[in-house]
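K.L.:
Before anything else, here's the structure in question.
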Amino acid sequence: MIGGDGQRDVLIAGGGFAGLSLAIALRQGLGPSFAVTVADPMIGRSHADDERASAIVAAARRLFETLGVWQSVAGGAQPILDMVVTDSRVDDAVRPVFLTFAGDVEPGEPFAHMIENRHLVAALEARAREAGVELRTTAVTRYSSDEVADSDDPPPAMPKGSAQRLGVTLADGSAVATRLLVAADGARSSIRELAGIAVHGWDYGQSAIVTNVGHERDHEGRAVEHFLPAGPFAILPLKGRRSSIVWTETTSDAERIMALPDDGFHAELERRFKLHLGEITTVSARRAHPLGFFVARSFLAERLALVGDAAHVIHPIAGQGLNMGLRDVAALAEVIVDAARLGLDPGAETVLDRYQRWRRFDTMAMGLATDGLNRLFSNRSTGLRLVRDIGLGLVDRVPNLKRWFIREAAGLIGNVPKLLRGKPL
C-alpha cells in the first residue's frame with residue numbers, strides 16, 4: 001500500500017452516495033494501511049436544506065447495513081410496504097389499478113425504503129471519518145500519467161512502461177499521486193471529460209419535477225405510480241404524513257408548470273395527485289431536472305474508473321438510477337479488494353477490466369429497459385394503452401412473475417456483488 005504523504009492507493013473525486021460508499025467499503029475491506037481520499041468541495045457542508053429523497057432498494061440497504069451506515073438512519077427511513085400501478089389520463093374520474101406489488105423480498109424485508117438524502121449523506125460522511133478515510137473539501141482539477149514505471153521490476157499485473165500512478169492536481173493547489181482515480185462526480189463529470197471519454201445517448205424531451213408534499217391521511221407505506229400520457233407521476237411515501245413526488249412532463253410543460261405561482265402549481269399538482277390522501281400541501285422547494293439516457297463509451301481509462309452518474313444516466317421511471325450507481329460501487333470495491341489481497345495493483349488494466357465487464361452489460365440492459373418502458377407509457381396512443389394495460393393485468397395474475405419483478409427491482413437478480421447481498425468483503 002502507498003500510504004505516505006501525497007501518496008494514495010485510491011483517490012475518489014466526488015463525495016456523494018457513490019464516492020463515500022466506495023471509500024468506506026475499501027477501508028473496511030483492506031484496513032488502515034490502504035490509503036483512500038475523497039475530494040469534493042461540498043464535503044462537511046450542511047445538508048439541512050436538502051429536502052430531496054431517494055428510494056433505497058433492498059440490495060442497497062444491505063450494502064449500507066454491511067458498511068455500518070444504515071443503523072444510524074433506519075429510524076428516519078420509510079419502508080415501502082406495497083406499490084400500485086395505474087394507467088389513465090390526467091382528468092379521468094377513476095384510475096383503475098392494473099398491477100399491485102407486495103413490498104417484501106424476504107419475510108420482514110421491504111423491497112425498498114424512502115429516505116431523505118441529507119440524513120444518508122451525513123451518516124456516510126460520519127462513517128467515512130470513523131473508517132479513516134481522508135475527506136478533502138476541494139476538487140480534482142487535472143491529472144496526468146507522467147509518472148511512468150521505467151523499473152525493470154514493475155508491480156504485479158502492471159506491464160513495463162505503464163504508469164505506476166497518476167499525478168493529480170487539486171483545486172487548493174496541492175498534488176497527490178494515486179494508483180487509481182475514481183470519477184464519482186456526477187452526470188457532468190469533469191474527470192470523464194479530462195479523460196476524453198465520450199458519452200452516447202439521447203434526451204427525452206422530458207423533465208422530472210421533484211417536490212415533497214404533506215397530506216391529511218396516512219399513506220400506510222404505499223407507493224403509487226400513475227402512468228399519465230406525458231410520463232409517470234410517482235407518489236413515494238416518506239416518514240410521517242408526507243410523500244415525495246417525481247412528476248414527469250414534457251420539457252415545455254415542465255417549464256410552464258415550474259413558472260406558475262404557488263397556487264397555480266398547487267392546482268396542477270392536485271389534478272394529478274387527486275385527494276385520496278385528503279388535502280395536500282407542498283412542503284419543500286420544487287425542482288426540475290431534464291431527463292435523458294446516457295452511457296459512457298467506456299467505464300475505464302488508464303488508472304481511472306467511472307461509477308454512478310459519471311458512467312450512466314437513465315430515466316427515473318423504475319427508480320433505479322441511484323441503485324445502479326451503488327451496484328457499480330459494490331462491484332468495483334469487490335474487484336479492488338480481491339486484487340489488493342493478492343498483492344496486485346488496484347489500478348492495473350486487468351483489474352479494472354473485470355469491473356467493466358461486470359457492470360457494462362447490466363447497465364445497458366437496465367438503461368434500455370427503462371427507455372422502453374418510458375416510450376411505452378409516455379404517449380397518447382389508445383392502441384398502445386390497451387396493449388400495456390392487458391400486459392399489466394396479466395403480470396398481476398402471475399404470482400411467480402410478480403415475485404421475479406419485485407426481486408429485480410430490489411437489485412437481487414443476476415450476478416450480485418457481495419455487499420449487495422449483505423456479505424462483507
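The values are calculated or read from the model by the stated rules, or taken from the named source; none is laboratory data. What you are looking at is a predicted structure, and each value in this text was computed from that prediction instead of being measured. Neighbour counts run over all protein chains shown; Cβ positions are idealised from the backbone, glycine included. The area values use the complete protein model at the heavy-atom level, side chains included, leaving out ligands, DNA and RNA. Shrake-Rupley method; radii C 1.70, N 1.55, O 1.52, S 1.80 Å.
K.L.:
Sorted by accessible area (1.4 Å probe), largest first, how do 204, 355 line up?
P.N.:
Values: 204 35, 355 0 Å².
Solvent-accessible surface, decreasing: 204, 355.
K.L.:
With each label point set 7 Å from Cα along the Cα-Cβ vector, what nm distance links residue 387 and residue 402?
P.N.:
Between residue 387 and residue 402, the simple spin-label model gives 2.5 nm.
K.L.:
Given the options 170, 343, 234, identify the residue whose Cα lies farthest towards the positive end of the charge dipole of the chain (+1 on Cβ of Lys, Arg; -1 on Cβ of Asp, Glu).
P.N.:
After comparing all options, I get 234.
K.L.:
Relative to the first principal axis of the alpha-carbon coordinates of the chain, what is the inclination of helix 262-273, with its axis defined by its Cα atoms, in degrees from 0 to 90 and to the nearest 10?
P.N.:
Helix 262-273 and the main axis of the chain meet at about 80 degrees.
K.L.:
Quick check: residue separation of residue 200 and residue 126 times 0.36 nm, minus the Cα distance between them. What number comes out in nm? All intermediate terms of the calculation are to be shown ahead of the outcome.
P.N.:
Numbers: separation 74, 0.36 × 74 = 26.64 nm, distance 3.60 nm.
Extra length from residue 200 to residue 126 when fully extended: 23.0 nm.
K.L.:
Ignoring ligands, DNA and RNA, what percent of the 1.4 Å accessible area of the range 1-112 is carbon and sulfur?
P.N.:
Working: 2200 of 4120 Å².
C and S atoms contribute 53 percent here.
K.L.:
Among DSSP bridges having both ends in the chain, what percentage is antiparallel? Round to the nearest 5. Walk me through the intermediate numbers first.
P.N.:
Working: 59 of 81 bridges.
In the chain, approximately 75 percent of DSSP beta bridges are antiparallel ones.
K.L.:
Further question on the same structure: For the chain, take the longest principal axis of its alpha carbons; what is the angle in degrees between that and the long axis of helix 349-377, to the nearest 10 within 0 to 90?
P.N.:
So the helix axis and the longest Cα principal axis differ by about 10 degrees.
K.L.:
On to the next question. Just the number, please: carbon plus sulfur as a percent of the accessible area of the range 351-425, 1.4 Å probe, no ligands or DNA/RNA counted.
P.N.:
Values: 2650 of 4130 Å².
For the range 351-425, the apolar C and S fraction of the accessible surface comes to 64 percent.
K.L.:
A further question follows. Hey, what number do you get for the chain at 222 nm if only DSSP H runs of n ≥ 4 count, each worth -39500 (n - 2.57), divided across all residues, to the nearest 500?
P.N.:
Working: 10 runs with 138 residues, N = 425.
Roughly -10500 deg cm²/dmol at 222 nm, from the helical runs in the chain.
K.L.:
Something else now. Per residue, what accessible area does the chain have, given a 1.4 Å probe and all protein chains present, in Å²? Don't skip to the answer; put the middle values down first.
P.N.:
Working: 17680 Å² over 425 residues.
On a per-residue basis, 42 Å².
K.L.:
Could you look at the range 161-243 and say what percent of its accessible area is carbon and sulfur, using a 1.4 Å probe and all protein chains?
P.N.:
Summing carbon and sulfur atoms, their accessible area is 46 percent of the total for the range 161-243.
K.L.:
Order these peptides, 260-272, 185-197, by their mean beta-carbon neighbour count within 10 angstrom, highest first.
P.N.:
185-197, 260-272
K.L.:
With unit charges on the beta carbon (Lys/Arg positive, Asp/Glu negative), name the residue among 369, 72, 23 whose Cα is farthest towards the positive pole of the charge dipole of the chain.
P.N.:
Of the listed residues, the answer is 369.
K.L.:
Shifting gears a bit: About its Cα centre, how strong a charge dipole does the chain have in debye, to the nearest 20, once Lys and Arg get +1 and Asp and Glu get -1 at the Cβ? Display every interim value, and only then the final one.
P.N.:
Working: 48 positive and 52 negative charges, 155 e Å.
Using Cβ point charges on Lys, Arg, Asp and Glu, the chain gives about 740 debye.
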